[in-house]
C-alpha cells in the first residue's frame with residue numbers, strides 16, 4: 001500500500017512532465033501487479049493509477065487520498081469555483097496547513113489519518129488561529145470521537161468510505177476566528193502582494209528602499225484594523241489566480257497532484273497523453 005501511495009508524488013509527476021519518465025509506474029507494475037496486468041485488470045498507465053487509487057481507498061487512506069477527497073467531495077461540490085482559490089501545503093508560522101481555501105473568507109483543513117498522531121495538532125491549530133477564519137480537522141470516521149475532544153473552536157470533518165463510496169460529514173462546525181496576526185499574514189505574502197495591501201488601504205506606497213521595505217510595510221500592516229486587513233489579505237492571495245474550476249476538467253484521482261503542481265490545462269494534457277499509452281514493461 002505504501003508503494004501505491006508513492007505513485008502520487010509530485011516529484012514523480014514532475015519527472016513525467018519534464019522527461020516523459022514512466023519508470024515510477026513501470027517498476028511498481030513489474031514488482032507487484034504483473035499478474036493483474038496479464039489478467040487485463042488495467043491496460044494503460046492511467047488505468048493503473050486508477051487501480052492503485054482504488055486500492056488506497058479500500059486499504060490505506062493516506063494523506064493524499066484525504067486531500068483528494070476534500071477537493072472532490074467538499075471544495076468542488078460546495079464552493080463557487082470561479083471565485084475560490086485553494087492551496088496544498090500552505091505555510092503558516094511554524095506549521096504547514098494541508099489544504100487551504102480562500103473565497104470571501106479563509107478556511108484550512110488539517111488532515112489526521114488513521115496513521116497520524118495528534119501530537120503536533122495543538123501547535124498547528126495555534127498557528128492557524130492567527131490567520132484563518134475557519135479551521136477544520138479532517139479525519140477518518142473511525143477517529144472522530146478522538147478529535148472531537150480537541151480544540152472546541154475547530155470544526156471536525158469525518159471521511160466515510162463505504163462500499164467504494166466516499167463522503168464527508170461535518171461532525172462539528174468550526175467557530176469563526178476573529179484573531180488576525182499582521183506579521184504572520186505578511187510573511188505569507190509575496191512582495192508585490194503585501195505592497196498591494198498597503199496601497200489598497202492607504203492609497204499610496206511610502207518612499208522606501210529594498211533594505212527597509214519589509215519593515216516599513218509591516219509597520220503599516222499593524223495599523224490596519226484586523227477585520228479590514230483580513231479582507232485585503234484574502235484579496236491579495238486570490239490574485240494568484242489559480243481558481244479550482246480547472247480541476248473539474250481533470251481526472252478525479254489526480255486533482256490533488258494538479259493542485260499541488262499548479263498545473264494548467266496544457267501541462268495536464270501532456271501528462272494525460274503519456275498516461276494513456278498502453279503499458280510496456
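Could you list, in sequence order, all residues of segment 25-56 that are part of a helix (DSSP H, G or I) and out of contact with any helix residue (DSSP H, G or I) (no Cβ under 8 Å at 6 or more places or on another chain)?
The initial filter retains those residues of segment 25-56 that are part of a helix (DSSP H, G or I), namely 25-32, 34-38, 45-56.
Answer for segment 25-56, where residues must be part of a helix (DSSP H, G or I) and out of contact with any helix residue (DSSP H, G or I) (no Cβ under 8 Å at 6 or more places or on another chain): 26, 27, 30, 34, 35, 38, 47, 54.
For segment 108-220, give me every one of the helices (runs of 4 or more DSSP H) that falls completely inside it and has 3 or more residues that are over 21 Å from the mean Cα position of the chain (by Cα).
Values: elements: 121-128, 144-148, 182-187, 191-202.
Per the criteria, 144-148, 191-202.
If I ask for residues that are part of a helix (DSSP H, G or I) and either free of Cβ contacts under 8 Å to residues at least 40 places away in the same chain or surrounded by fewer than 16 Cβ atoms within 10 Å (Cβ to Cβ) (or both), which ones from segment 15-24 would you list? Steps first, please.
Quick first cut of segment 15-24, residues part of a helix (DSSP H, G or I) only: 15-19, 23-24.
Across segment 15-24, the qualifying residues are 15, 18, 19, 23, 24.
Given 65, 24, 87, which one is touching a strand residue (DSSP E or B) at 6+ places or on another chain (Cβ under 9 Å) and within 16 Å of residue 4 (Cα to Cα)? Explain how you work it out, then say what you get.
Details: 24 fails: touching a strand residue (DSSP E or B) at 6+ places or on another chain (Cβ under 9 Å); 87 fails: within 16 Å of residue 4 (Cα to Cα).
Residue meeting the stated conditions: 65.
Would you mind stating whether residue 182 is touching a residue at least 40 places away in the same chain (Cβ under 8 Å) and over 30 Å from residue 268 (Cβ atoms)? Steps first, answer last, please.
Details: touching a residue at least 40 places away in the same chain (Cβ under 8 Å): yes; over 30 Å from residue 268 (Cβ atoms): yes.
Yes.
For residues that are touching a helix residue (DSSP H, G or I) at 6+ places or on another chain (Cβ under 8 Å) and closer than 30 Å to residue 199 by Cβ, scanning just segment 243-279, find the one that is surrounded by the most Cβ atoms within 10 Å (Cβ to Cβ).
Looking only at segment 243-279, we keep the residues that are touching a helix residue (DSSP H, G or I) at 6+ places or on another chain (Cβ under 8 Å), and these are 243-261, 263-265, 267-268, 270-272, 274-277, 279.
Remaining after also requiring closer than 30 Å to residue 199 by Cβ: 243-246, 259, 264.
Values: 243: 15, 244: 22, 245: 13, 246: 16, 259: 24, 264: 11.
That would be 259.
So residue 73 fits all but one of (1) closer than 21 Å to residue 161 by Cα; (2) touching a strand residue (DSSP E or B) at 6+ places or on another chain (Cβ under 6 Å); (3) free of Cβ contacts under 8 Å to residues at least 40 places away in the same chain; what number is the exception?
(3)
Taken together, the values in this text are just the output of simple stated rules run on the coordinates, not laboratory data. Note that the structure is predicted; figures quoted are calculated from it, not measured. Positions of Cβ are backbone-derived with ideal geometry, glycine not excepted, and every protein chain shown enters the neighbour counts.
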